[in-house]
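Nothing in this text is a laboratory measurement; each read-out follows from the coordinates by a stated rule. The structure presented is a predicted model; accordingly, all values stated were derived computationally and were not measured.
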Amino acid sequence: VRDLMEIFILVFQYLFSNTSFVVLEKAIEVGSAFEGWSPREEDITYRLLVSLKPPRGHIFHLEPGPLWPARNFRIRVELVCTCGMEQPAGPTPCFLHDPEEEQRRNEGPSILQDLCTDSYLDVQKTALYFQIFVRRSWRILPISARYRLIVLPSNRSCKFRVTEGQEKRVLIELLFGVQEGNSDIFLSSQYTEAAYTPSTMWPESYAVAEIKFFRHIASQAQPDSFHLRCLQLCARSLLGREFSTHTLKTVVMHLLTTMPLSEWHRRHFLERLEDIMGYLQSCVEKRCLNHFFIGNDNVPEEIILTPELQMAEPLNLFQHLVQDPDAHENALVEFEEL
């Protein structure tokens, strides 16, 4: 997966260098498959977040949107003056004030023309463009002689399956994101829990911060720590139920920062399973499960958060249970069955 992504990014950088198209940075591994606890071992999807940067002469301006059920933003793409800016090759031509440069920008691939709606970066246009790019570039790669690639339908990501022979297959999903400053927080193309998310709306993603959290725990815990096995087993038991695996991951992250890591040894396996389910039960009964990265003083210092998240009040992920008594009653019944 890593080798394949490196190839795609190199091809992209070669084709779109010196254009006014979006700039790609290295893909970041995210999600349960790379964290080491995928609940579906027989059907793993490898997810990567591809960081997007504005091309020369452009900037991204982040505009906050609705705050519930998650922080959402729109990303306005703006032209900026580059007159007088020095590069190793000399002065930088300006799209705003150089007529020839403006014409050249309009003729080639353009982030504003191809990926935006009313100057706002469009998730669906971005996903579709990359689906076409992956399909076309695959045909010219030598690796295509041995493997078969099929792009799968998706509105907010680039999802494809790579197959060798009749049985070996790998599912890969590319999410797209814009980094918030120098933090580990991104605005992502990921799907949201909302019934409808406008194509110009980018929800705030903590996927990079989450994988950094689990790598931090791995560096601090004993080599035979069983915290990932606990998470995997509990997550697998949730499949097909109302509780999401992300809810369970949030519970485990809270416990990992409030209990000594030495107590996640194999011999404590059943005790930790009881702690996880007990914590979840308490949260359901109280109708309160706080977001791990928003307003939490226990986040490891290695994880870089934005000042807004550090100073924010804790966000209750079970707020819907407070507002809807029937949903709370159903959650209690669901937990008893679990």
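Here the chain has an Rg and Dmax of 22.3, 71 Å, counting Cα atoms alone.
Calculate one ³J(HN,Hα) per residue across the range 53-63 by plugging θ = phi - 60° into the Karplus curve 6.51 cos²θ - 1.76 cosθ + 1.60, and present them in order as whole Hz with x for glycine and proline. Computed from phi, the couplings for the range 53-63 are 10, x, x, 3, x, 10, 9, 9, 10, 8, 10 Hz. Over the residues of the chain, the helix contribution to mean residue ellipticity at 222 nm works out to -11500 deg cm²/dmol, using -39500 (n - 2.57) for each DSSP H run of at least 4. Axis of helix 2-16 versus longest Cα principal axis of the chain: the two differ by about 30°, to the nearest ten degrees. Any of Lys168/Lys212; Lys125/Lys159; Lys125/Lys212; Lys26/Lys53; Lys159/Lys212 with alpha carbons more than 22 Å apart? Name them for me. As for pairs spanning more than 22 Å Cα to Cα, those are Lys168/Lys212; Lys125/Lys212; Lys159/Lys212. Overall size of the range 221-337 from C-alpha positions, given as principal axis extents largest first: 44, 39, 20 Å.
Counting only alpha carbon atoms, the long axis of helix 245-258 and the longest principal axis of the chain meet at about 70°.
In degrees, nearest 10, range 0 to 90: what is the angle between the Cα axis of helix 207-220 and the longest Cα principal axis of the chain? Tilt of helix 207-220: around 50 degrees.
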